Amino acid sequence: MNEQMTFADHTLQFNKKLSLKSLALPDGFRVINPYGGDQKEIVRNITTSFYQI
C-alpha cells in the first residue's frame, strides 16, 4: 500500500532530524534545541499530538 505523507508527517519527520543536528559555534554562543534537549520526549509528544489533531 502506498500512502502519501501528510504535512504533519513531513513536519514531524523534519523535527526528528533536528534532534540529531549540532552546530559548531563560537565561544559564548549556544543553541537552544527543544528537539534534542533533556525534555525532547515531552516536546515530541506535544508536537505529535498537535500535528495529529
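Values quoted throughout were computed directly from the atomic coordinates according to the rules given, and no laboratory measurement underlies them. Nothing here was measured: the structure is a model prediction, and the numbers come from that model. Glycine also receives a Cβ, built like all others from the backbone with ideal geometry; neighbour counts cover every protein chain displayed.
For the stretch 20-34, enumerate the residues that are surrounded by 11 or more Cβ atoms within 10 Å (Cβ to Cβ) and farther than 22 Å from I53 by Cβ.
Taking the stretch 20-34 and keeping what is surrounded by 11 or more Cβ atoms within 10 Å (Cβ to Cβ), we get 33-34.
Within the stretch 20-34, N33 is the sole residue that qualifies.
Looking only at residues in the stretch 1-20 that are within 17 Å of G37 (Cα to Cα) and part of a loop (DSSP other than H, G, I, E, B), the one that is nearest to the chain's Cα centre (by Cα) is S19.
Per the listing I46, I42, I32, the residue uniquely of a type in the set (A, V, I, L, M) and assigned to a loop (DSSP other than H, G, I, E, B) is I32.
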